[in-house]
1. Considering only the range 132-163, state which residues are assigned to a helix (DSSP H, G or I) and among the aromatic types (F, W, Y).
2. Could you tell me whether the range 1-21 includes any residue that is assigned to a loop (DSSP other than H, G, I, E, B), more than 10 Å from the ligand (Cβ to nearest atom), modelled with pLDDT under 95 and surrounded by 14 or more Cβ atoms within 10 Å (Cβ to Cβ)?
3. Return the residues of the range 96-127 that are more than 9 Å from the ligand (Cβ to nearest atom) and in contact with a Lys or Arg (Cβ under 9 Å, 6 or more places away or on another chain); say none if nothing qualifies.
4. Do we find a residue being of a type in the set (V, I, T), over 24 Å from I234 (Cβ atoms) and part of a helix (DSSP H, G or I) anywhere in the range 185-198?
5. Based on this model, can you work out whether I33 counts as closer than 14 Å to L220 by Cβ and more than 6 Å from the ligand (Cβ to nearest atom)?
6. So in the range 224-239, with the set limited to residues that are among the charged types (D, E, K, R) and within 22 Å of K149 (Cα to Cα), which one is surrounded by the fewest Cβ atoms within 10 Å (Cβ to Cβ)?
7. Output the number of the condition that L31 fails; it satisfies all remaining conditions of (1) at pLDDT below 95; (2) in contact with a Cys (Cβ under 7 Å, 6 or more places away or on another chain).
Amino acid sequence: MSSSLVFISGASSGIGLALAQGIPWTDARILNISRRKAQGCENFLADLADPDSWPEVAALMARKVSAFEGRRIVFAHSAGSLEPMGFAGEVEAASYARQVLLNAAAPQVLGDAFLRAVRDHPADCTLLMIGSGAAQSVYEGWSAYCGGKAAVDHWVRTVGIEQARRGGCRILSISPGIIATAMQEQIRATAAHDFPEVERFRQLHAEGELREPEDVARDLWAAVEGDLATGSVIDLRDA
Ligand SMILES: NC(=O)c1ccc[n+]([C@@H]2O[C@H](COP(=O)([O-])OP(=O)(O)OC[C@H]3O[C@@H](n4cnc5c(N)ncnc54)[C@H](OP(=O)(O)O)[C@@H]3O)[C@@H](O)[C@H]2O)c1
C-alpha cells in the first residue's frame with residue numbers, strides 16, 4: 001500500500017510532468033488527469049474543458065480516495081491553457097468558451113470534487129492550484145486566462161478559510177514564474193496582433209530568463225511539504 005496518493009491534472013507536459021517526475025515520496029501512487037498519457041502515472045484521460053468530464057473525474061477521485069489507506073493525499077491541478085490567444089470579441093467564440101471552462105470553472109469544480117472525496121478521510125490532504133502572475137497583471141490577448149487565474153486565486157482564499165473553520169484540507173495557489181514549457185513556446189509563436197507583449201517574452205527567452213520545470217517542481221513540492229497556511233496565494237518569485 002502506498003503512503004501517498006497524488007492526483008495531478010496536466011501531468012502529460014510541462015510543470016505537471018515535472019511534478020509527477022519529482023514527487024518527493026518514493027512509494028507514491030500517481031494519477032494523471034489530462035487528454036494525453038503521462039509516463040510513470042496511472043492515466044485517466046479527460047478533456048477538462050468539457051464539463052461532461054468533470055463528474056467522471058469526481059467519481060474517479062471518490063473511488064481512489066475511499067480505497068486508499070495511506071497518510072497523504074494531494075491534488076495538484078496544473079492543467080491550463082492559453083489557447084486561443086487573442087482579444088475578447090475577436091477570437092473564435094467556441095474556443096474562448098473552452099478556455100473559460102478550463103481555466104476558470106474546471107479548477108473550482110474539480111477542487112470541490114477533491115474536497116468531497118477527502119472529507120471523511122484521515123490522511124493529510126493538500127490541494128495545490130498552479131497560479132499565475134496573470135491573476136494580477138493585465139496581459140492583452142489573455143483575458144480568459146487572466147480572469148480564470150484571478151478567479152481561482154480568490155476561490156483558494158475563500159475555501160482556505162472554510163477549510164480552516166471545518167475541514168482540514170490545505171488549499172494553496174502557487175505561481176511558478178516564467179517556465180520553459182510548451183505554453184511558453186506557444187506564447188513566443190503568437191503574433192503581436194493577438195498578444196502585443198510577445199516581444200518581451202521572446203526577449204526573456206533569448207536572455208535565458210526562463211526557469212526549468214524540474215527546478216520549479218522541486219520548489220512546489222517543498223512548499224507542499226512546508227508550513228504555508230491554508231488559503232495561501234503566493235508567487236515563488238517572492239518566496
Ligand atoms: N509555463 C509558464 O510560464 C507558466 C507560468 C505561470 C503559470 N503556469 C501554469 O502552469 C500550468 C501548466 O502549464 P505548463 O506551462 O506546464 O504548460 P504545458 O506544458 O502546455 O502543459 C499544460 C498541461 O495542461 C493540460 N491541459 C491543457 N488543456 C487541457 C484540457 N482541455 N484537458 C485536460 N488537460 C489539459 C495538458 O495536457 P493534455 O494536452 O494532455 O490534455 C498539459 O499537461 C498551467 O495551469 C499554467 O497556467 C505556467
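The values are calculated or read from the model by the stated rules, or taken from the named source; none is laboratory data. Here the structure is a predicted model, which means the values were calculated and not measured. A quick note on method: Cβ atoms are made from the backbone with ideal geometry, for glycine too, and the neighbour counts reach across all protein chains shown.
1. Applying the first criterion (assigned to a helix (DSSP H, G or I)) to the range 132-163 yields 133-135, 143-163.
Scanning the range 132-163 gives Y145, W155.
2. Filtering the range 1-21 down to residues assigned to a loop (DSSP other than H, G, I, E, B) leaves 1-3, 10-13.
From what is left, the residues that are more than 10 Å from the ligand (Cβ to nearest atom) are 1-3.
Checking which are modelled with pLDDT under 95 leaves us with 1-3.
This time we only want the ones that are surrounded by 14 or more Cβ atoms within 10 Å (Cβ to Cβ), so: 2-3.
Among the residues of the range 1-21, at least one is assigned to a loop (DSSP other than H, G, I, E, B), more than 10 Å from the ligand (Cβ to nearest atom), modelled with pLDDT under 95 and surrounded by 14 or more Cβ atoms within 10 Å (Cβ to Cβ), which makes the answer yes.
3. A104, A117, P122, A123, D124, C125, T126, L127
4. Kept after step one, since they are of a type in the set (V, I, T), are these residues of the range 185-198: 187, 190, 198.
This time we only want the ones that are over 24 Å from I234 (Cβ atoms), so: 190, 198.
Narrowing further to those that are part of a helix (DSSP H, G or I): 198.
Yes, some residue in the range 185-198 is of a type in the set (V, I, T), over 24 Å from I234 (Cβ atoms) and part of a helix (DSSP H, G or I).
5. Working: closer than 14 Å to L220 by Cβ: no; more than 6 Å from the ligand (Cβ to nearest atom): yes.
Against the criterion (closer than 14 Å to L220 by Cβ and more than 6 Å from the ligand (Cβ to nearest atom)), I33 does not qualify.
6. Residues of the range 224-239 among the charged types (D, E, K, R): 225, 227, 235, 237-238.
Restricting the remaining residues to those that are within 22 Å of K149 (Cα to Cα) gives 235, 237-238.
Numbers: D235: 16, R237: 11, D238: 7.
The qualifying residue surrounded by the fewest Cβ atoms within 10 Å (Cβ to Cβ) is D238.
7. Result: L31 passes all but (1).
Let's see how each residue does on (1) more than 18 Å from C146 (Cβ to Cβ); (2) not charged (D, E, K, R):
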| position | (1), (2) |
| --- | --- |
| V6 | yes, yes |
| K37 | yes, no |
| P51 | yes, yes |
| V91 | no, yes |
